[in-house]
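Enquirer: Handing you this structure, nothing more for now.
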Amino acid sequence: MKMKVLAALGISTALILGACGNGEESSGGGEQASSSQVLEFHHGYHQSAEEWPVAQVMRDLYDDFAEQHADGNIEFKATPVSGELSDVMNNRVASGEFPDIIDLAGGAVSLAAIEQDLVLDLKPYIDENNLESKVGLNYSQNEVDGSIYTVHEQLFTMGLWYNDAIFDEANASKPEEWNDWETFQQAMSDVRELDGVYAFGAGEPAIRLLNTALAETDEGRQLLSEPLTNERIESQAFTNALKTVMELVKENGSEYAGGNADEYSGDFLQEKSSVFFNGVWASGSMAENPSFRPGLYPGNVAITSSGGGITISNNLSEEQKALALEFLEYMTSDEVQEVIFKEVGANPSNEDIDIKALASEGDETAQLLGEALIQVQEADHQVQTISDAWGGDIHDALINALTESAGAADIDAKVEETKSVLLGLIN
């Protein structure tokens, strides 16, 4: 069974969406006539337009859908929440219920909800309506024993960002030349020769290096498509990838190993570091400096995950269920997906969207986003996140271990210690 979207919630996608919530606020939706039934949709886009314009874009999409069905028997009620969306789901599940519709914003569907048959299988509707290309990567990554319980309308997609001017000054090789991890390692060493510049921020972002180091071999890529087991933790592919990244983090220095993505983003934007491991959604801020360029990880590898998204209760009336499924189709439609690219600045799940054409019509941010996405599409390998593959506990344990490796006296010993921690988590 593919447990990646069923385990307790995986990586928070607050860095992508800022869209997680548990405190229910005033509902969105267009003006509607009195209805006999309500279909409530919980989402995390609660921020004001001034605070985060993307939130207003998403609310407008929800309102448009509500207005399209204002004359029906069911009121579509979009409810923004402001804390943890997982709490909304888990509190209902504890009572043997499930929200009518909830956007999990990249988080995982409750396993307990699946086991209690509280969540609607979306695959029959997707198949009957030929929506496989519209839901895109969700169709394979979110498939669990022949069922699909959640569809995310935008993908978590990451290459990296690098400062072209710094690399030129250091005479260091650039991402298009990083055919292996040794070349990347040398490039980072070259950058560190410059005064006032460090190579990259490790700590939390170092998980991206491990994520992609695993993609170096067929065995490593296979590991990311299956649950983690004792044998897989002890495998040569896992051991080698972990050692490679720990050595890189140690060489990079403990001074740059304890921060999070927000801290390292600030340093990169101020040109204090040469590489920033973050997603395509950062295109808006990156477009402000022509030296900031998108790239891929060594071996021409990118990260793309669907994660949890639109998830529907299995206990709706037939009319409610029909409207909920129509909402799923609406959110993955070409029209909405173009908005996801152009105005949300994210990677649309719909594989029919012509990214290159949309980018050519857009502003500098759209063009940079398009360039980053095309690189990902043309990568030799795309792998899902460690969190989606193995769950949040493994993800967090690995971040801690990678951070600690910056000060480790013996990397081989740290690798074995980390493997022991992981074995304890899964047994």
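Taken together, the values in this text are just the output of simple stated rules run on the coordinates, not laboratory data. Just so you know, these numbers come straight off a predicted model, no measurement behind them. Methodologically, a virtual Cβ is constructed for each residue, glycine included, from the backbone with ideal geometry; neighbour enumeration extends over all protein chains shown.
Enquirer: To the nearest 20 debye, what is the magnitude of the charge dipole of segment 155-300 about its Cα centre, counting +1 on the Cβ of each Lys and Arg and -1 on the Cβ of each Asp and Glu?
Expert: Computed about the Cα centre, the dipole is about 280 debye.
Enquirer: Count charges around L422 for me, please; just the other residues with Cβ under 15 Å from its Cβ, Lys/Arg as +1, Asp/Glu as -1.
Expert: With Lys, Arg at +1 and Asp, Glu at -1, the net is -4.
Enquirer: In degrees, nearest 10, range 0 to 90: what is the angle between the Cα axis of helix 181-191 and the longest Cα principal axis of the chain?
Expert: 70
Enquirer: Skipping prolines and chain starts, which residues have an amide H placed within reach, meaning under 5 Å, of the one on L104, given they are 5 or more residues away or on another chain?
Expert: Under 5 Å from the amide H of L104 lie the amide H atoms of G309, I310, T311, each far enough along the sequence or on another chain.
Enquirer: Rounded, prolate or oblate, given the Cα gyration tensor of segment 198-249, with a/c below 1.5 counting as rounded?
Expert: Verdict is prolate for segment 198-249.
Enquirer: Placing unit charges on C-beta atoms (Lys and Arg positive, Asp and Glu negative, everything else neutral), compute the dipole magnitude of segment 266-359 about its Cα centre in debye, rounded to 20.
Expert: 560
Enquirer: Also: Net charge near M89: determine it from the other residues with C-beta under 12 Å of the C-beta of M89, scoring Lys and Arg +1 and Asp and Glu -1.
Expert: Values: positive: R92; negative: E84, D87, E97, D100, D103.
Net charge around M89: -4.
Enquirer: Which is farthest toward the positive dipole end of the chain among N73, Q116, Q56, measuring Cα position about the Cα centre, with Cβ charges +1 (Lys, Arg) and -1 (Asp, Glu)?
Expert: Result: Q116.
Enquirer: In addition: Please name whichever of A408, G308, T332 sits farthest to the positive end of the charge dipole of segment 303-427, dipole taken about the Cα centre and charges placed at Cβ: Lys and Arg +1, Asp and Glu -1.
Expert: A408
Enquirer: For helix 53-68, what angle does its Cα long axis make with the longest principal axis of the chain, in degrees from 0 to 90 and rounded to 10?
Expert: Rounded to the nearest ten degrees, it is 30.
Enquirer: Additional query: Dividing the Cα convex hull volume of segment 129-177 by residue count, how many Å³ per residue is that?
Expert: 124
Enquirer: If I fit a long axis through the Cα atoms of helix 364-377 and take the longest principal axis of the Cα atoms of the chain, what angle between them do I get, 0 to 90°, rounded to 10?
Expert: Value to nearest ten degrees: 80.
Enquirer: Spelling out what I want: for every residue of segment 263-277, take phi, set θ = phi - 60°, compute 6.51 cos²θ - 1.76 cosθ + 1.60 (Karplus), and round to whole Hz; glycine and proline get x.
Expert: 4, 6, 4, x, 5, 5, 5, 8, 6, 8, 9, 9, 9, 10, 8
Enquirer: Ok, one more. At Q236 and N260, where each label point lies 7 Å from the Cα along Cα→Cβ, what is the point-to-point distance in nanometres?
Expert: About 3.9 nm, to one decimal.
Enquirer: Now for a different question. Measure off 7 Å from each Cα along the Cα-to-Cβ vector at D354 and Q37, then give the distance between these two points in nanometres to one decimal.
Expert: About 4.0 nm separates the two model spin labels.
Enquirer: May I pose another question? Would you mind checking K77/K356; K321/K342; K174/K250; K250/K419; K243/K356; K174/K272 for any pair whose Cα atoms are more than 26 angstrom apart?
Expert: Table pairs above 26 Å Cα-Cα are K77/K356; K321/K342; K243/K356.
Enquirer: Separation of segment 103-170 and segment 177-201 by C-alpha centroid, Å?
Expert: Each part reduced to its Cα centre gives a spacing of 33 Å.
Enquirer: Summing Lys, Arg as +1 and Asp, Glu as -1, what charge do residues with Cβ under 13 Å from the Cβ of L269 carry, L269 excluded?
Expert: On the way: positive: K272; negative: D262, E263, D267, E271, E288.
Every neighbour counted, the sum reads -4.
Enquirer: If I model a spin label at D127 and D410 as a point 7 Å from the Cα along the Cα→Cβ vector, what separation in nanometres do I get?
Expert: It works out to 5.4 nm between the two label points.
Enquirer: I need the phi-derived Karplus couplings for segment 412-427: 6.51 cos²θ - 1.76 cosθ + 1.60, θ = phi - 60°, integer Hz, Gly and Pro marked x.
Expert: 4, 5, 5, 4, 5, 4, 5, 4, 5, 4, 5, 4, x, 6, 9, 10
Enquirer: Given R₀ = 30 Å, what would the calculated FRET efficiency be for D218 paired with A397, taking r from the Cβ atoms and rounding to 0.05?
Expert: Working from the Cβ atoms, E equals 0.75.
Enquirer: Amide H of L155 versus every other amide H placed in the peptide plane: which residues, excluding those fewer than 5 positions away on the same chain, fall under 5 Å?
Expert: Here N347, S349 satisfy the definition.
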